[in-house]
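Only one structure is covered here, and it is reproduced in the block below.
The values are calculated or read from the model by the stated rules, or taken from the named source; none is laboratory data. Because the structure is predicted, anything quoted here is derived from the model rather than measured. Glycine also receives a Cβ, built like all others from the backbone with ideal geometry; neighbour counts cover every protein chain displayed.
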């Protein structure tokens, strides 16, 4: 079966600094990869390349079997190919309503080009309540995002990605600075990706969180993938030992 994403020998430099130095990565259908590495290891650069924020210098990238031209790859192109990225605290406008955030940049319009407000409100609430299981007194389509907890905001961003038919959802440090209860929500939301037939890339410094949601783990150091492991052969403690080995 053709991988959803296939990277081979990807490099990226910023001046004299080599951020990525020959990265290989394969993501299969209905799989979640945990991306592990210290600060500066190359994780952020890698996900920016996948999501179209940055271009790569050399190597090959294929999405659903299609070779990607780094000069033409963009956020819009990545989305068209089914790749969505949820950045920590950067994906939502807090003063805007929940439904407007949900459809931001991709509003549903009628024949006259007017936004189908009621339809969008209904759809946003359906995904949040039925797919993600969110509820509470403050949860209404017209409420500002600021009324949501940190975990609920991540859920909104993940639900939005799923709604727009993302095949791959990249989660960049989604549990940072969250309380224990909120962390549990976000990890649960992440697991719904596979239940919905999606794939994901999960980045976190908390290896217990990575272990919980991922099927496979890639360790990145100095811009290279230095180790790969599968969940059935690992434990949170062994992941920590491996990270310390390569740090």
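So is residue 134 in a loop (DSSP other than H, G, I, E, B), surrounded by 15 or more Cβ atoms within 10 Å (Cβ to Cβ) and either in contact (Cβ under 8 Å) with a residue 12 or more places away in the chain or touching a helix residue (DSSP H, G or I) at 6+ places or on another chain (Cβ under 7 Å) (or both) or not?
Criteria met by residue 134.
Of the numbered conditions (1) loosely packed, with under 14 Cβ neighbours inside 10 Å; (2) touching a strand residue (DSSP E or B) at 6+ places or on another chain (Cβ under 8 Å); (3) at pLDDT 85 or above, residue 143 fails exactly one; give the number of that condition.
(1)
Say whether the condition of being within 21 Å of residue 195 (Cβ to Cβ) and free of Cβ contacts under 8 Å to residues at least 60 places away in the same chain is met by at least one residue in region 106-121.
Looking for residues that are within 21 Å of residue 195 (Cβ to Cβ) and free of Cβ contacts under 8 Å to residues at least 60 places away in the same chain, one finds none in region 106-121, hence no.
Please count how many residues of region 232-246 are closer than 21 Å to residue 31 by Cα and in contact with a helix residue (DSSP H, G or I) (Cβ under 6 Å, 6 or more places away or on another chain).
Looking only at that region, the number is 2.
Within region 118-131, track down each residue that is touching a helix residue (DSSP H, G or I) at 6+ places or on another chain (Cβ under 8 Å) and modelled with pLDDT of 80 or more.
120, 121, 123, 124, 125, 127, 128
Which residues, taken from region 104-129, are out of contact with any strand residue (DSSP E or B) (no Cβ under 8 Å at 6 or more places or on another chain) and either in a loop (DSSP other than H, G, I, E, B) or farther than 14 Å from residue 156 by Cβ (or both)?
Of everything in region 104-129, those that are out of contact with any strand residue (DSSP E or B) (no Cβ under 8 Å at 6 or more places or on another chain) and either in a loop (DSSP other than H, G, I, E, B) or farther than 14 Å from residue 156 by Cβ (or both) turn out to be 104, 105, 106, 110, 111, 112, 113, 114, 117, 118, 119, 122.
Report every pair of residues separated by at least 6 positions or lying on different chains whose Cβ atoms are under 6 Å apart, first residue within region 33-48 and surrounded by fewer than 20 Cβ atoms within 10 Å (Cβ to Cβ), second part of a loop (DSSP other than H, G, I, E, B).
38/247
What's the number of the condition residue 69 fails, among (1) touching a strand residue (DSSP E or B) at 6+ places or on another chain (Cβ under 7 Å); (2) at pLDDT 95 or above; (3) assigned to a loop (DSSP other than H, G, I, E, B)?
Tallying (1) touching a strand residue (DSSP E or B) at 6+ places or on another chain (Cβ under 7 Å); (2) at pLDDT 95 or above; (3) assigned to a loop (DSSP other than H, G, I, E, B), residue 69 fails exactly one: (1).
In the set 171, 218, 193, which member is crowded, with 21+ Cβ neighbours inside 10 Å, assigned to a helix (DSSP H, G or I) and under 16 Å from the mean Cα position of the chain (by Cα)?
Answer to the selection: 193.
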